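**Student:** Below is one structure. I have some questions about it.
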Amino acid sequence: MNTTIKVAVAALTGALALTGCSTAAGSDSADTVDLMGYSVLEAANKPVFEDFQNTEEGKDAEFNTSYGASGDQSRAVESGAAADVVHFSLETDVTRLVGDGLVDESWKDTPTKGIATSSVVVFVVRKGNPDDIRTWDDIVEPGVDIITPNPGSSGSARWNILAAWAHITGNGGSEAEAKAYLTKLLDNTIALPSSGRDATTAFTGGNGDVLLSYENEAILAKQGGADVDYIVPPDTLLIENPAAVTKDADPTAEAFLKFLTTPEAQADYAQSGFRPVVDGVDIPEVEGANDPSDPFPTPDKLFTIDDTFGGWDATADKYFGTGEDGDPLGIVTELQQETGKVGEE
């Protein structure tokens, strides 16, 4: 991706803050925006909020925020949690709300097709990469302990698993070979925490040899002082995270949603390790990246959910279906049950 960057530098605080809820207290005159986001956005959103509040549309804005595993956050909104803006890991976590009448079905009718942030799947390893992990084949070698979030709750987990699947089928392998590969990967997995942030916390706490994660989460961990490195494998999957407003959102929330894909906001996200989703974003350097002056190298082969899998509509149930209402189990769900790696809920 070609990017030109001009960044207003913003301080990043709490880089490895624990996932949870935070509330920005507003004045009586403030326009309060309730934002529900997936877990790894917590630190990245702080400079974005500040820059939006420096605009005419956002000068009176305050934010009430809640962060957690993407699927859990979506289900919370479905159950009545307050939300003006949702920013999730997966498209399916937004379309769930479309089906419930909470988000308009036209939410993807934007220049970025509803996408607000992007990244790629990487391997987070111990400092110096003592196990010399470079490729997808390396992580399924005997004795390699893997941590990845639980696909039942985490959007990050689903991107990770699909990247592993694409490593096989995208390079000419059959579905049977992809299942065999995922079985090896799950057999090597020692923990499936409920969210991407919880998985990072487990790994930086000393568990496992390799963490499957977002590139931005790896960069943020390094910015926060974690003693880790990360590897962008030769082939990986492009991660695209959607955002939308709910139907009852006021104009301030709608203005904030539009602001998310401006070069200014994308520059803020880039400083937290996200790859820009629009052109014209200037990034002088990104602290924590393998090469701060060239932070987002193009992998040798970059798979996408649309081109490789036919989009989320064709993918969600096929791989992650839960078998409810008589429907068959998804491929990954079934493999989790077969291997006993069902993860944490």
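The values are calculated or read from the model by the stated rules, or taken from the named source; none is laboratory data. Since the model is a prediction, treat every value here as computed from it, not as a measurement. Counting neighbours? That spans all protein chains shown, and the Cβs are built from the backbone with ideal geometry, glycine included.
**Student:** So which of Ala226, Ala249, Ala253 ends up being assigned by TED's automatic domain parsing to the domain that holds Glu50, among the aliphatic types (A, V, I, L, M) and touching a helix residue (DSSP H, G or I) at 6+ places or on another chain (Cβ under 9 Å)?
**Tutor:** Ala249
Conditions tested, residue by residue: (1) at pLDDT below 95; (2) hydrophobic (A, V, I, L, M, F, W, C); (3) surrounded by 24 or more Cβ atoms within 10 Å (Cβ to Cβ); (4) not in a strand (DSSP E or B).
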site	(1), (2), (3), (4)
Phe49	no, yes, no, yes
Phe52	no, yes, yes, yes
Glu62	no, no, no, no
Ser74	no, no, yes, yes
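**Student:** Quick check: is even one residue across segment 161-181 farther than 24 Å from Asp306 by Cα and in contact with a helix residue (DSSP H, G or I) (Cβ under 6 Å, 6 or more places away or on another chain)?
**Tutor:** No - not one qualifying residue is present in segment 161-181.
**Student:** Let me ask something else. Look through segment 265-285, keep the residues that are under 20 Å from the mean Cα position of the chain (by Cα) and among the charged types (D, E, K, R), and return whichever of them is surrounded by the fewest Cβ atoms within 10 Å (Cβ to Cβ).
**Tutor:** Among those that are under 20 Å from the mean Cα position of the chain (by Cα) and among the charged types (D, E, K, R), it is Arg275.
**Student:** Sort out which residues of segment 85-101 are more than 21 Å from the chain's Cα centre (by Cα) and at negative phi, and write them in order of number.
**Tutor:** Residues of segment 85-101 more than 21 Å from the chain's Cα centre (by Cα): 99-101.
Within segment 85-101, Gly99, Asp100 qualify.
**Student:** I need the full set of residues from segment 76-100 which are over 19 Å from Ile115 (Cα atoms), in a loop (DSSP other than H, G, I, E, B) and charged (D, E, K, R), in order please.
**Tutor:** Within segment 76-100, just Asp100 meets the criteria.
**Student:** Among the candidates Ile239, Ile219, which residue alone is at pLDDT 95 or above, buried (at least 20 other Cβ atoms within 10 Å of the Cβ) and touching a Pro at 6+ places or on another chain (Cβ under 8 Å)? Let's see the steps before the verdict.
**Tutor:** Numbers: Ile239 fails: touching a Pro at 6+ places or on another chain (Cβ under 8 Å).
Just a single option satisfies the conditions, and that option is Ile219.
**Student:** Restricting segment 181-212 to residues that are among the small types (Gly, Ala, Ser) and under 26 Å from Gln73 (Cα atoms), which is nearest to the chain's Cα centre (by Cα)?
**Tutor:** The selected residue is Gly196.
**Student:** Given the criteria touching a strand residue (DSSP E or B) at 6+ places or on another chain (Cβ under 7 Å) and over 20 Å from Pro276 (Cα atoms), does Asp84 qualify? Break it down into steps so the answer makes sense when it comes.
**Tutor:** Values: touching a strand residue (DSSP E or B) at 6+ places or on another chain (Cβ under 7 Å): yes; over 20 Å from Pro276 (Cα atoms): yes.
So Asp84 passes the test.
**Student:** Run Val278 past the list (1) within 21 Å of Ile139 (Cβ to Cβ); (2) at pLDDT 95 or above and report the number of the one that doesn't hold.
**Tutor:** In the conditions (1) within 21 Å of Ile139 (Cβ to Cβ); (2) at pLDDT 95 or above, Val278 misses (1) alone.
**Student:** In segment 171-189, how many are in a helix (DSSP H, G or I) and either hydroxyl-bearing (Ser, Thr, Tyr) or over 20 Å from Val144 (Cβ atoms) (or both)?
**Tutor:** 4
**Student:** Filter segment 70-84 down to the residues that are farther than 11 Å from Pro242 by Cβ and either touching a residue at least 24 places away in the same chain (Cβ under 8 Å) or within 16 Å of the chain's Cα centre (by Cα) (or both) and list them by number. It would help to see each step written out before you state the result.
**Tutor:** First, pick out the residues of segment 70-84 that are farther than 11 Å from Pro242 by Cβ: 71-73, 75-84.
If the condition is that a residue be farther than 11 Å from Pro242 by Cβ and either touching a residue at least 24 places away in the same chain (Cβ under 8 Å) or within 16 Å of the chain's Cα centre (by Cα) (or both), then Gly71, Asp72, Gln73, Ala76, Val77, Glu78, Ala81, Ala82, Ala83, Asp84 are the ones that fit.
Rundown of residues vs (1) closer than 18 Å to Tyr230 by Cβ; (2) of a type in the set (Gly, Ala, Ser), yes/no style:
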{"residue": "Ser74", "(1), (2)": "no, yes"}
{"residue": "Ala81", "(1), (2)": "no, yes"}
{"residue": "Val85", "(1), (2)": "no, no"}
{"residue": "Val103", "(1), (2)": "no, no"}
{"residue": "Thr112", "(1), (2)": "no, no"}
{"residue": "Val122", "(1), (2)": "yes, no"}
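**Student:** Continuing with this model, one more query. If I go through segment 306-332 residue by residue, how many of them are under 21 Å from Leu192 (Cβ atoms), among the β-branched types (Val, Ile, Thr) and either within 20 Å of the chain's Cα centre (by Cα) or modelled with pLDDT under 95 (or both)?
**Tutor:** Count: 3.
**Student:** So Glu105 passes all but one of these: (1) crowded, with 17+ Cβ neighbours inside 10 Å; (2) within 25 Å of Phe320 (Cα to Cα); (3) modelled with pLDDT of 95 or more. Which condition number does it fail?
**Tutor:** Status for Glu105: all satisfied but (1).
**Student:** If you scan segment 154-188, which residues turn out to be among the β-branched types (Val, Ile, Thr) and buried (at least 24 other Cβ atoms within 10 Å of the Cβ)?
**Tutor:** Ile161
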